[in-house]
2 protein chains.
Amino acid sequence: MKNMLRSKHLTCLACSLTLNLLFIINMYVGGEWRLSWSTRAAVEAETVAATYCSGHGRAYLDGLVAVGNNKPVCSCNACFTGPDCSHFIPHCAAVADSGNPLFLEPFWMQHLASSALVVVGWHQMGYTYEDSTYVSKELEKLVRRVHATVGNAVTGNRFIIFGAGSTQVLNAAVFALSPENTSSPARVVSSVPYYTLNKEQTEYFSTEKFEFEGDAHTWRNRSDTSSMNVIEFVTSPNNPDGQLNKAILHGPNVKTIYDRAYYWPHFTPIPAPADEDVMVFTLSKLTGHAGTRLGWAVIKDETVFKRMMAHMRLNSMGISKDAQLRAFRLLKAVLEEGTEIFDFAYQTMKSRWDTLARTISMSSRFSLQENNPQYCTFYSKIRQLSPAYGWLKCEREEDKDCYAVLEAANIIGRRANQYGAEGRYVRLSLVKTEDDFDILIQRLNELISKEDGAKTFED
Amino acid sequence: MKNMLRSKHLTCLACSLTLNLLFIINMYVGGEWRLSWSTRAAVEAETVAATYCSGHGRAYLDGLVAVGNNKPVCSCNACFTGPDCSHFIPHCAAVADSGNPLFLEPFWMQHLASSALVVVGWHQMGYTYEDSTYVSKELEKLVRRVHATVGNAVTGNRFIIFGAGSTQVLNAAVFALSPENTSSPARVVSSVPYYTLNKEQTEYFSTEKFEFEGDAHTWRNRSDTSSMNVIEFVTSPNNPDGQLNKAILHGPNVKTIYDRAYYWPHFTPIPAPADEDVMVFTLSKLTGHAGTRLGWAVIKDETVFKRMMAHMRLNSMGISKDAQLRAFRLLKAVLEEGTEIFDFAYQTMKSRWDTLARTISMSSRFSLQENNPQYCTFYSKIRQLSPAYGWLKCEREEDKDCYAVLEAANIIGRRANQYGAEGRYVRLSLVKTEDDFDILIQRLNELISKEDGAKTFED
């Protein structure tokens, strides 16, 4: 009886211990740490993240919630709908216009522990870091390490500045490279087809110090340029066509801003580390986190660096520390996984390009940009481009409005005139979700199969 | 023997259960959830946050780490140093220049669970939210609820736009309120003493559409203004002097941007909800998170709203989703705690003002700004201002450079010429840490005690 009581007692002890440990909020991990303040938020975040959305959507912590039960609502991929995104919308359009880099989302879904971020309420409340700058030194170190790992940019003995995406950084560079006191504004140019924003942004912010002057090609043989201040945007790899552009204009009064957003193994062979005076990168096209708005410039000249920093102060009193913290966590994860993200990104983009190229090869109506293989120092092999965008050309004489040709086939690309180019071209985004890409290929196949004399896979 | 074995077995079971639950990384909370991907990050964040810094500093997740052991380094308050910030630096300067709102840090240190944020690696990677805008609808709802709770702004039937701090929002408003096609730029004015950035930013970004024209007072009686486009900045409560300013200029071509950054019970009585056409707020002066860079405008006119949104696209391709997520979590915590943050902030500022006023009252050399009590609808009582800054005046004829007078006494304020005002004034920040404030008062007491005929507390 005594023993029975004793064993009952021990059973209760076991139960009690179990219950205590199951039901209390605190926890020991590896005997080392008792989680306290983060538990509630962790449970909430994991619960939301685990919302079932059929693989065609996801639920966000700050996403919409259902009226009534307050449960998170799935944010569905294009062409999918329903409470769990399982319902396919037939005949929906293939929307291939934006450069939303969601092709990297699956990578992060596979690397949850290394990329998770926990932030205490009092984290970094001040405007500046301890060194009175707007730039996190620890993030800066990681940026340099990532460039060293990939070998895509020289960062030694260079300044690094952050901004709200490459968008804010590019404009800061234009301001910083414009003459301070002049009666004649700097002429800002870029070679067609150029990144839309170069024109839009420069025109919008144009002052007496700089103005947009269009295609760099038209300035190449002008004799009056030697006395003018010129700023050339070189997007390399180029947006929209993925080519490894080089500067067209040179001279003592020519400054060049290299937009290196796409200079990662995801999209291009890396022939050599870039080593230009002003090089602009963005988290968006490296890890896929466009929404974080974190871009950076690698800068040789201290005066340019200081002027860009002053720009950041006057434009937004620095750079969001939350964006910098997120980038810090993500780049740490990138480095922790060796070359995994680059392999994932390259394989994904290569596979999409193989599919797209095969699809377009069936057509005599459409063609894609050139794709000359080059040696890639990162992969130690010759490889093709795998650009973020297809720069589709309508080859038929009558198809002068290529956008309209695609639109009639339920494909929404981006008009070539946005890139200073003729309407015979359309940009097709290849960096969105797998669902987006699949639907794009499906719609292209439908369109091409209707061509007179279209080839078939059996040809 | 059998029973002994049995009880041993049960003891082991208890131990095993305990150990399993102690040492495995996963966890059930309330029998409902097993933490998985967030645990590692949570342990790391809690470990860093628990770093001992003597109450005179704190360690950050993305802060500096010690060479060698990689341990987080304490980021110490001004005048404190050493590995745990316990060493006071004698004779150090009282640096009272910046508006770093760290007076709210202790509030968040006391509300850890409600303000903690856990972010999954794939959180909100795209440029826009589900509705294709840059503005989180859930954050917008919280902003409206906070205004409703405080009664400091009418938000019903108004548009809300976010930006990288009030800094970016204010400039967006200038662009949006300037005439689109005109040969004569909008004249941007503000009444002296005005917020430094109004001048600096407007001058820096000035285009053919707008330019800065200085003090609004000088424009009041000009007869030629009726044909001009004028934009008046009204900072209310004012930075630097905390007064509840009203617009000076009126007319069909006058637009007003109300900077309401400080219109919270922390700093001022709330006589009535503000209801101006364009009102700008910022998280910085509400929760103290300046580093997050999250400001907003409440806007009546849809065209102005759309133009400001276009500005955000061209300036930074939207607003950091990480900044918006952080604000979302913090405002949720604010609402959850009822009026607690306002009570904490008001009590802290009031107590600092009582101390400062008492200190300055001992002096015949210095004076502070007017502080006429008003009825506060939030506290349902008449109360004084408790502004973010002391606007100190040097009363002696010879003290024309008040900044230099203070600097000689080891007090670093902010020069009045930055506010368009005469050198007889200095702005002293009262919103920094408790240590900063204590040292400021100590240095002021030292200075005042040396005055000929200085009063003493015994007077």
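The values are calculated or read from the model by the stated rules, or taken from the named source; none is laboratory data. These numbers come from a predicted model, not from an experiment. So basically every Cβ, Gly included, is an ideal-geometry build from the backbone, and we count neighbours across all protein chains shown. Surface areas here come from the heavy atoms of the whole protein model, side chains and all, with no ligands, DNA or RNA. Shrake-Rupley method; radii C 1.70, N 1.55, O 1.52, S 1.80 Å.
Return only the number of the condition from (1) within 14 Å of chain A (Cβ to nearest Cβ); (2) outside any strand (DSSP E or B); (3) among the aromatic types (Phe, Trp, Tyr) that B:TYR194 does not satisfy.
(1)
Answer yes or no as to whether A:ARG313 is assigned by TED's automatic domain parsing to the domain that holds A:ARG396, open to solvent by 10 Å² or more (accessible area, probe 1.4 Å) and outside any loop (DSSP other than H, G, I, E, B).
no
For segment B:74-108, give me each residue that is without any contact (Cβ under 8 Å) to a residue 60 or more places away in the chain and within 25 Å of the chain's Cα centre (by Cα). Give the derivation first.
Residues of segment B:74-108 that are without any contact (Cβ under 8 Å) to a residue 60 or more places away in the chain, as a first pass: B:74-76, B:81-90.
Across segment B:74-108, the qualifying residues are B:CYS74, B:SER75, B:CYS76, B:CYS85.
Are any residues in segment B:66-78 open to solvent by 40 Å² or more (accessible area, probe 1.4 Å) and out of contact with any strand residue (DSSP E or B) (no Cβ under 7 Å at 6 or more places or on another chain), and if so, which ones?
Listed by number, the residues that qualify are B:VAL67, B:GLY68, B:ASN69, B:ASN70.
Here are some conditions: (1) in contact (Cβ under 8 Å) with a residue 24 or more places away in the chain; (2) among the aliphatic types (A, V, I, L, M); (3) within 10 Å of chain B (Cβ to nearest Cβ). A:VAL143 meets all but one. Which one does it not meet?
Of the numbered conditions (1) in contact (Cβ under 8 Å) with a residue 24 or more places away in the chain; (2) among the aliphatic types (A, V, I, L, M); (3) within 10 Å of chain B (Cβ to nearest Cβ), the odd one out for A:VAL143 is (3).
Quick one: B:MET362 ticks every box in (1) among the aliphatic types (A, V, I, L, M); (2) open to solvent by 20 Å² or more (accessible area, probe 1.4 Å); (3) not assigned by TED's automatic domain parsing to the domain that holds B:GLU434 except a single one, so which number is it?
Checking B:MET362 against (1) among the aliphatic types (A, V, I, L, M); (2) open to solvent by 20 Å² or more (accessible area, probe 1.4 Å); (3) not assigned by TED's automatic domain parsing to the domain that holds B:GLU434, the one that fails is (3).
Could you list all residues from segment B:287-308 that are under 17 Å from B:PHE107 (Cβ atoms) and facing another protein chain (nearest Cβ under 8 Å)?
Passing the criteria: B:GLY288, B:HIS289, B:ALA290, B:GLY291, B:THR292.
Determine whether segment A:266-275 contains at least one residue that is at pLDDT 95 or above, within 14 Å of another protein chain (Cβ to nearest Cβ) and open to solvent by less than 10 Å² (accessible area, probe 1.4 Å).
No, the conditions are met nowhere in segment A:266-275.
Looking for whichever is over 30 Å from B:GLU340 (Cα atoms) and either in the same structural domain as B:GLN168 (by TED's automatic domain parsing) or in contact with a strand residue (DSSP E or B) (Cβ under 7 Å, 6 or more places away or on another chain) (or both) here; the options are B:ASN245, B:ASN229. Which one fits? It would help to see each step written out before you state the result.
On the way: B:ASN245 fails: over 30 Å from B:GLU340 (Cα atoms).
Residue meeting the stated conditions: B:ASN229.
Looking at the structure I just gave you, is A:ALA113 at the interface with chain B (Cβ under 8 Å from one of its Cβ atoms) and open to solvent by 30 Å² or more (accessible area, probe 1.4 Å)?
Spelling it out, A:ALA113 is indeed at the interface with chain B (Cβ under 8 Å from one of its Cβ atoms) and open to solvent by 30 Å² or more (accessible area, probe 1.4 Å).
Among the residues of segment B:184-208, what is the count of those that are open to solvent by 10 Å² or more (accessible area, probe 1.4 Å), touching a residue at least 40 places away in the same chain (Cβ under 8 Å) and polar (S, T, N, Q)?
Total satisfying the criteria: 3.
Quick check on this structure: which one of B:THR303, B:THR292 is of a type in the set (S, T, N, Q) and open to solvent by 30 Å² or more (accessible area, probe 1.4 Å)?
Among B:THR303, B:THR292, only B:THR303 is of a type in the set (S, T, N, Q) and open to solvent by 30 Å² or more (accessible area, probe 1.4 Å).
Can you tell which of A:SER166, A:SER184 is under 15 Å from A:ILE257 (Cα atoms) and polar (S, T, N, Q)?
Unique residue meeting the criteria: A:SER166.
Here are A:SER284, A:SER316: which of them is touching a Gly at 6+ places or on another chain (Cβ under 7 Å), closer than 19 Å to A:THR149 by Cβ and within 13 Å of chain B (Cβ to nearest Cβ)? Walk me through it before giving the result.
Numbers: A:SER316 fails: closer than 19 Å to A:THR149 by Cβ.
Among A:SER284, A:SER316, only A:SER284 is touching a Gly at 6+ places or on another chain (Cβ under 7 Å), closer than 19 Å to A:THR149 by Cβ and within 13 Å of chain B (Cβ to nearest Cβ).
Would you confirm whether or not segment B:272-287 contains a residue that is assigned to a loop (DSSP other than H, G, I, E, B) and among the β-branched types (Val, Ile, Thr)?
Filtering segment B:272-287 for residues assigned to a loop (DSSP other than H, G, I, E, B) gives B:272-273, B:275-277, B:286-287.
Filter once more, keeping what is among the β-branched types (Val, Ile, Thr): B:287.
Yes, that holds for at least one residue.
Are any residues in segment B:358-377 outside any loop (DSSP other than H, G, I, E, B), closer than 30 Å to B:HIS147 by Cα and not aromatic (Phe, Trp, Tyr), and if so, which ones? It would help to see each step written out before you state the result.
Step one: of segment B:358-377, the residues outside any loop (DSSP other than H, G, I, E, B) are B:358-361, B:366-367, B:374-376.
Checking the rest, the ones that are also closer than 30 Å to B:HIS147 by Cα come to B:374-376.
Of everything in segment B:358-377, those that are outside any loop (DSSP other than H, G, I, E, B), closer than 30 Å to B:HIS147 by Cα and not aromatic (Phe, Trp, Tyr) turn out to be B:GLN374, B:CYS376.
Of all the residues that make up segment B:378-405, how many are part of a loop (DSSP other than H, G, I, E, B) and open to solvent by 60 Å² or more (accessible area, probe 1.4 Å)?
Residues flagged as part of a loop (DSSP other than H, G, I, E, B) and open to solvent by 60 Å² or more (accessible area, probe 1.4 Å) within segment B:378-405 amount to 8.
Take the conditions closer than 15 Å to B:SER190 by Cβ, in the same structural domain as B:VAL192 (by TED's automatic domain parsing) and surrounded by fewer than 20 Cβ atoms within 10 Å (Cβ to Cβ) and apply them to B:GLY214. Does it pass? Steps first, answer last, please.
Numbers: closer than 15 Å to B:SER190 by Cβ: yes; in the same structural domain as B:VAL192 (by TED's automatic domain parsing): yes; surrounded by fewer than 20 Cβ atoms within 10 Å (Cβ to Cβ): yes.
Yes, satisfied.
Examine segment B:127-137 for a residue that is on the phi > 0 side of the Ramachandran plot, touching a residue at least 24 places away in the same chain (Cβ under 8 Å), at the interface with another protein chain (Cβ under 10 Å from one of its Cβ atoms) and not basic (Lys, Arg), and state whether such a residue exists.
For segment B:127-137, residues on the phi > 0 side of the Ramachandran plot, touching a residue at least 24 places away in the same chain (Cβ under 8 Å), at the interface with another protein chain (Cβ under 10 Å from one of its Cβ atoms) and not basic (Lys, Arg): absent.
Out of all the residues in segment B:330-359, which are open to solvent by less than 10 Å² (accessible area, probe 1.4 Å) and either within 11 Å of chain A (Cβ to nearest Cβ) or of a type in the set (A, V, I, L, M) (or both)?
B:LEU330, B:LEU331, B:ALA333, B:VAL334, B:ILE341, B:ALA345, B:MET349, B:LEU356
Any idea how many residues of segment B:109-124 are free of Cβ contacts under 8 Å to residues at least 24 places away in the same chain and in contact with an Asp or Glu (Cβ under 6 Å, 6 or more places away or on another chain)?
Within segment B:109-124, residues that are free of Cβ contacts under 8 Å to residues at least 24 places away in the same chain and in contact with an Asp or Glu (Cβ under 6 Å, 6 or more places away or on another chain) number 1.
If a residue must be assigned to a loop (DSSP other than H, G, I, E, B), open to solvent by 40 Å² or more (accessible area, probe 1.4 Å) and closer than 28 Å to A:HIS266 by Cβ, how many such residues does segment A:79-110 contain?
Summing the residues that are assigned to a loop (DSSP other than H, G, I, E, B), open to solvent by 40 Å² or more (accessible area, probe 1.4 Å) and closer than 28 Å to A:HIS266 by Cβ in segment A:79-110 gives 2.
Do we find a residue being outside any helix (DSSP H, G or I), at pLDDT 95 or above and over 22 Å from A:GLY163 (Cβ atoms) anywhere in segment B:166-180?
Within segment B:166-180, one or more residues are outside any helix (DSSP H, G or I), at pLDDT 95 or above and over 22 Å from A:GLY163 (Cβ atoms).
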